[in-house]
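Visitor: Right, I'll just put the structure down here and ask away after.
What follows is calculated from the coordinates using simple rules that are stated; it is not laboratory data. Quick caveat, the model's predicted, so the values are computed rather than measured. Glycine also receives a Cβ, built like all others from the backbone with ideal geometry; neighbour counts cover every protein chain displayed.
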Amino acid sequence: MAPEDIRIAPLPLDRVRRFVDTYRLGLRLAETGTVEAVGDGITWIRGLPSAAMDELLDFADGSIGLVFFLGEEELGAILLHQGPALTAGTAVRRTGRQLTLPVGEALLGRVVDPLGSPLDGNDPPDCPDEHPLDQLSPPIIARSFVSQPLYTGIKLVDTMLPIGRGQRQLIIGDEGLGRSALAIDAVIMQRGPNVRCVYVLIGQKRSAVVNTIEILRQHDALAYTTVVVGEANALPGLTYLAPFAGCAIAEAWMAAGHHTLVVYDDLSTHARAYRELSLLLRRPPGREAYPGDVFYLHARLLERSTCLDAAHGGGSMTALPIAETQQGEIAAYIPTNLIS
């Protein structure tokens, strides 16, 4: 082939224009660090003196981490994706970005992990928008009164303990008493009222995950539901992020004016995953070895559920957190935190 026969496809004008408009001349500095130790879903890193909490980190082998602990000479990060080549000595660099999740209509009917990657064997959801996993709850001025009911389909609950759109209602009890069944019934009941649902499975076995998805599919509830899965055999960092991912998906729909329902199944398992990560990263333990900020962990998550006024879209996010007790002991540490 002669050189004159070679044709190079021109770049789209909008890409060229964006590159020219955003390009800035100057020296670019990048911080790099080195992995000191890896194990149990966390890593210790030396260097990166300007790293911030909850900042994403890129590892040279393709692994992804999230800053979780800041020390004087080293920092601890939880791994969101661990490559087989991640070892001590691997280079790591800052990204300057916080963790976000793709959100949009394409998530309806999908099963995804806390990073938005598909777990149902289909292509990744085509979501143009990104939403932060962790952000401040809506201010008081943007909220409205809880005035519309959210029916669960259970007569005793709907008549004696009615739930309103934008409310937070704890489902608590021992294992095997039907806590998840009650929450699944509430999701199935939302087919008529046009409420979008997010079911978050936290630290569940794969058999339990498949069973929940099949029940939702049999009742045609997957059409308006997104299932977020942090499996028991996944990295503990993904289990920790699962409820925040589900909240972010529902929060984006709420901001667009939709009514949403989020089920966290369950937050007792989430608290144990948080305790595991905190102990691995040498955070000071407190009561029952939980870190001192475990109350704030769940408070800031559930406080994002609310009912917005008309000026802010009029959407709502109802939360049904599930907690497990041992022999009906509701005075244990995590149940009392969630109750309060």
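Visitor: How many residues does segment 119-141 hold that are surrounded by 14 or more Cβ atoms within 10 Å (Cβ to Cβ) and of a type outside the set (D, E, K, R)?
Guide: Total satisfying the criteria: 9.
Each row is one residue, and each column tells you yes or no for (1) of a type in the set (A, V, I, L, M); (2) part of a helix (DSSP H, G or I); (3) more than 19 Å from the chain's Cα centre (by Cα); (4) crowded, with 18+ Cβ neighbours inside 10 Å.
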residue: MET189; (1), (2), (3), (4): yes, yes, yes, yes
residue: ASN194; (1), (2), (3), (4): no, no, yes, no
residue: VAL229; (1), (2), (3), (4): yes, no, no, yes
residue: ALA245; (1), (2), (3), (4): yes, yes, no, yes
residue: GLU251; (1), (2), (3), (4): no, yes, no, yes
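Visitor: Looking at segment 65-104, what strands (runs of 3 or more DSSP E) fall wholly within it and have at least 3 residues that are in contact with a Cys (Cβ under 9 Å, 6 or more places away or on another chain), at negative phi and crowded, with 19+ Cβ neighbours inside 10 Å?
Guide: Working: elements: 74-81, 91-98, 100-103.
Hits in segment 65-104: 100-103.
Visitor: What's the number of the only condition in (1) crowded, with 18+ Cβ neighbours inside 10 Å; (2) closer than 18 Å to LEU280 by Cα that GLY116 fails to meet?
Guide: Only one criterion is unmet by GLY116, namely (2).
Visitor: Taking the conditions exactly as written (touching a strand residue (DSSP E or B) at 6+ places or on another chain (Cβ under 8 Å), outside any strand (DSSP E or B) and in contact (Cβ under 8 Å) with a residue 24 or more places away in the chain), does PRO321 satisfy them or not? First the steps, then the outcome.
Guide: On the way: touching a strand residue (DSSP E or B) at 6+ places or on another chain (Cβ under 8 Å): yes; outside any strand (DSSP E or B): no; in contact (Cβ under 8 Å) with a residue 24 or more places away in the chain: yes.
Considered against the rule, which asks whether it is touching a strand residue (DSSP E or B) at 6+ places or on another chain (Cβ under 8 Å), outside any strand (DSSP E or B) and in contact (Cβ under 8 Å) with a residue 24 or more places away in the chain, PRO321 comes out as no.
Visitor: Is it the case, given these coordinates, that ASP158 is charged (D, E, K, R) and either crowded, with 19+ Cβ neighbours inside 10 Å or touching a residue at least 12 places away in the same chain (Cβ under 8 Å) (or both)? It would help to see each step written out before you state the result.
Guide: Numbers: charged (D, E, K, R): yes; either crowded, with 19+ Cβ neighbours inside 10 Å or touching a residue at least 12 places away in the same chain (Cβ under 8 Å) (or both): no.
No: the conditions fail for ASP158.
Visitor: Another question about this same structure. I'd like the full set of residues that are more than 24 Å from GLY314 (Cα to Cα) and outside any strand (DSSP E or B), limited to segment 162-177.
Guide: Result: GLU175, GLY176, LEU177.
Visitor: Answer yes if at least one residue in segment 252-263 is farther than 24 Å from ILE188 by Cα and touching a Leu at 6+ places or on another chain (Cβ under 9 Å), and no otherwise.
Guide: We begin by selecting, within segment 252-263, every residue farther than 24 Å from ILE188 by Cα; these are none.
No, the conditions are met nowhere in segment 252-263.
Visitor: Which members of segment 293-330 meet the condition of being surrounded by fewer than 19 Cβ atoms within 10 Å (Cβ to Cβ) and within 23 Å of GLY65 (Cα to Cα)?
Guide: Once the filter is applied, which keeps residues that are surrounded by fewer than 19 Cβ atoms within 10 Å (Cβ to Cβ) and within 23 Å of GLY65 (Cα to Cα), segment 293-330 yields ASP293, TYR296, ARG300.
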